[in-house]
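Worksheet: the structure to be examined is printed underneath.
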Amino acid sequence: MELVIKKDALNKLKTELYVVCLYKGEGLPAELAGLDQYFDVARVLKAGDFCGKTSERFMLYPNDSKAGIQRLLLLGLGDRERFALKTVTTAFGGLSIWLKNQHYKAVAIEMPELDEQGPEAVSVAVTMARSLRTGNWEFEHYRSKPKTSSLKTIVVRAGEKPAKELVAALKRGDTIGRGVNVARDLGTHPGNTATPEYLAKTALSFASGKTSKIKVKVMGEAQLKKMGAGGILAVGQGSAQESKLIALEYRCGKRNARKLAVIGKGITFDSGGISLKPGAKMEDMKYDMCGAAAVLGVFSVINEIQPDVDVFGVIPAAENLPDGTSYKPGDIIELLCGKKVEIINTDAEGRLLLCDALTYAERTYKPDAMMDFATLTGAVLIALGHVMSAVVGNDPGMVEAVVEAGASSGDTCWPLPMSEEYRDMIKSRIADICNSTNDRQAGTITAGAFLNEAVSEETPWAHVDIAGTAWVPKKSGYVTGATGVGVHMVYDLLENFAANFAE
Ligand code: BES
Ligand code: MN
Ligand code: ZN
């Protein structure tokens with residue numbers, strides 16, 4: 001599907017379907033009053049057949065077969081005063097899913113009419129294009145007869161003379177949406193496809209092509225051993241799949257650019273290991289690489305977005321399985337940072353391999369800031385459900401930056417505290433730290449505190465626990481399964497990061 005931005009005057013518009021947005025209890029926006037000639041919108045409203053609730057849809061046909069617009073679809077945006085970016089996601093994401101299952105080839109959508117007080121036009125345009133793109137996502141890799149959609153083109157109209165910024169914003173949203181879809185693909189592929197090696201190959205594919213500004217390095221177990229990455233090696237040692245550390249570099253080419261490292265947990269399947277998980281819903285643990293998927297989603301489109309920041313992606317990838325060779329409770333291992341860890345529970349594996357990746361990122365790139373995405377704890381689901389990610393860090397400014405980017409992108413997150421008492425909870429009696437506490441208290445925070453052990457105080461860092469937001473078990477909003485969380489957030493963060501530095 002192609003998303004194009006067009007500027008034809010309304011009376012010249014020819015399309016199979018034209019979508020216009022209406023707020024609850026309101027008629028057509030003044031600029032679209034010309035539609036009255038062919039479509040009796042007032043009658044529909046008067047009859048009460050359409051009220052404008054968010055995502056509500058109603059189809060009208062023209063009273064004249066010569067009309068260039070063959071169908072008019074009213075799309076509800078809810079109350080004007082409550083219009084928010086979330087409304088955009090719900091309405092246009094839902095619309096895009098619906099369109100995918102109709103027989104139209106090309107449709108046109110008018111950007112909503114906006115108020116001064118509401119979200120800015122540029123943000124609405126980014127979110128609108130992203131939602132149209134992600135709603136169009138299909139995953140047909142494992143069906144003997146893949147479903148196809150007839151929809152080839154969505155034309156977005158941003159008034160008769162769209163401003164440059166709006167056109168750029170729609171492009172940006174479309175591109176980010178494609179990145180989100182890459183992350184959703186990776187998350188949805190089963191564990192026997194999306195292995196550590198598959199993640200590595202995906203990363204390498206982004207570095208090919210003459211114009212790519214991406215460099216990729218993949219380290220296997222021999223190199224990890226030499227390096228001393230005991231966390232990654234321990235987690236993967238019971239699996240037939242070789243563990244990998246995948247490093248991606250994007251250099252923007254600007255002198256003195258700021259540097260951000262983004263780390264993503266890449267457990268391609270988490271059985272729990274010797275501390276085996278219960279069988280029910282264990283299949284969902286294929287999603288345990290959604291942190292890695294977010295990083296790869298970001299890099300899949302970074303050559304197009306071209307942020308003015310150097311970005312480094314680091315993915316520790318492994319499979320956590322029980323075997324005679326697996327690491328086990330009671331073992332003591334040494335992380336890349338030199339700290340010794342007593343293993344209490346082999347199911348608390350993410351923090352072990354993430355620590356090594358954080359150390360690697362900090363030592364190799366000396367970034368100005370670091371963040372990581374990880375499906376790290378079940379506890380975050382208890383705290384925040386599938387609605388928001390949790391964020392903790394060693395620097396209030398960095399946590400704040402992540403929360404802000406979360407809000408603007410729709411990948412919302414909420415901060416949790418990180419004080420000395422929580423750090424004390426992961427002390428071991430006989431080693432430096434242990435990988436799990438004996439009770440389930442403050443599970444998300446203690447996991448964050450563990451990661452913090454690998455990060456030096458000088459590097460601002462934030463950890464985002466996406467165990468609840470990376471995938472949703474049943475339809476929530478307009479998504480089911482892998483959500484691609486994190487991709488849009490990183491791009492908003494990068495934009496703020498570059499802007500703040502320029503000041
Ligand atoms: N990958 C899981 C966390 C998870 C749980 C992700 C549910 C998505 C949905 C992680 O490796 C894990 O098993 N965490 C344990 C930690 C505990 C043993 C300290 C957990 O949360 O139960
Ligand atoms: Mn686990
Ligand atoms: Zn896990």
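The values are calculated or read from the model by the stated rules, or taken from the named source; none is laboratory data. All figures in this text were calculated on a predicted structure; none of them were measured in a lab. Backbone-built Cβ (ideal geometry, glycine too); neighbour counts: all protein chains shown. Heads up: the accessible areas ignore ligands, DNA and RNA and are worked out on the full protein's heavy atoms, side chains in. Shrake-Rupley method; radii C 1.70, N 1.55, O 1.52, S 1.80 Å.
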Next item on the list: Would you rank 363, 57, 429 by solvent-accessible area, highest first, keeping every protein chain in place and using a 1.4 Å probe?
Entry: 429, 363, 57
Next item on the list: Report relative contact order for the chain in percent, whole number only (criteria: Cα-Cα under 8 Å, sequence separation at least 6).
Entry: 14 percent
Check: What relative contact order, as a whole-number percentage, does the range 62-128 give when Cα pairs under 8 Å and 6 or more residues apart are counted?
Finding: 38 percent
Next item on the list: For the range 12-35 and the range 309-379, write down the distance between their C-alpha centroids in whole Å.
Entry: 53 Å
Margin query: Show me the ranking of peptides 255-264, 89-98, 180-189 by mean Cβ neighbours inside 10 Å, starting with the highest.
Written below: 180-189, 89-98, 255-264
Item checked: the range 90-159 and the range 234-274: distance between their alpha carbon centers, rounded to Å -> 32 Å
Margin query: Given the -39500 (n - 2.57) contribution per DSSP H run of 4+ residues, what per-residue ellipticity at 222 nm results for the chain, rounded to the nearest 500 deg cm²/dmol?
Written below: -10500 deg cm²/dmol
Notebook entry, point to check: For the chain, which DSSP H helices look membrane-span-like by this rule: Cα extent along the axis of 18 Å or more and mean Kyte-Doolittle of at least 0.0?
Noted result: 85-100, 121-135, 350-365, 396-409, 487-502
Note to self: Please compute the alpha carbon radius of gyration of the chain, then divide it by the globular-protein estimate 2.2 N^0.38 Å. Two decimals is fine.
What the structure shows: 1.04
Margin query: Could you work out the relative contact order of the range 341-431? I mean the mean sequence separation of Cα pairs under 8 Å and 6+ apart, divided by the number of residues, in percent.
Written below: 27 percent
Checklist line | the chain - accessible surface per residue (Å², probe 1.4 Å) | finding: 43 Å²
Next item on the list: Take the Cα coordinates of the range 291-446, assign each an equal point scatterer, and use the Debye formula without solvent to give log10 I(q)/I(0) at q = 0.10, 0.11 Å⁻¹.
Entry: -0.41, -0.50
Checklist line | Selection from 30, 450, 123 lying farthest towards where the dipole of the chain points positive, charges on Cβ | finding: 30
Next item on the list: Calculate how many DSSP beta bridges within the chain are antiparallel, expressed in % of all such bridges and rounded to the nearest 5.
Entry: 40 percent
Item checked: Nearest-20 debye value, the chain charge dipole, Cβ charges on Lys, Arg, Asp, Glu -> 1740 debye
Check: Rounded to the nearest 5, what % of the DSSP beta bridges within the range 340-466 are antiparallel ones?
Finding: 35 percent
Notebook entry, point to check: How would 46, 277 line up by accessible area, probe 1.4 Å, largest first?
Noted result: 46, 277
Note to self: Could you compute how fast the range 178-332 diffuses translationally, taking Rh as the Kirkwood radius over C-alpha pairs and applying Stokes-Einstein at 10 °C with viscosity 1.306 mPa s? Give it in µm² per second.
What the structure shows: 99 µm²/s
Check: Given the range 350-438 reduced to its alpha-carbon atoms as identical point scatterers, what log10 I(q)/I(0) does the Debye formula return at q = 0.10, 0.21, 0.26 Å⁻¹?
Finding: -0.31, -1.31, -1.45
Next item on the list: Tally up the carbon and sulfur contribution to the accessible surface of the chain as a whole percent, 1.4 Å probe, everything protein left in place.
Entry: 51 percent
Next item on the list: Summarise the long-distance tail of P(r) for the range 287-381 by giving the % of C-alpha pairs beyond 20 Å.
Entry: 47 percent
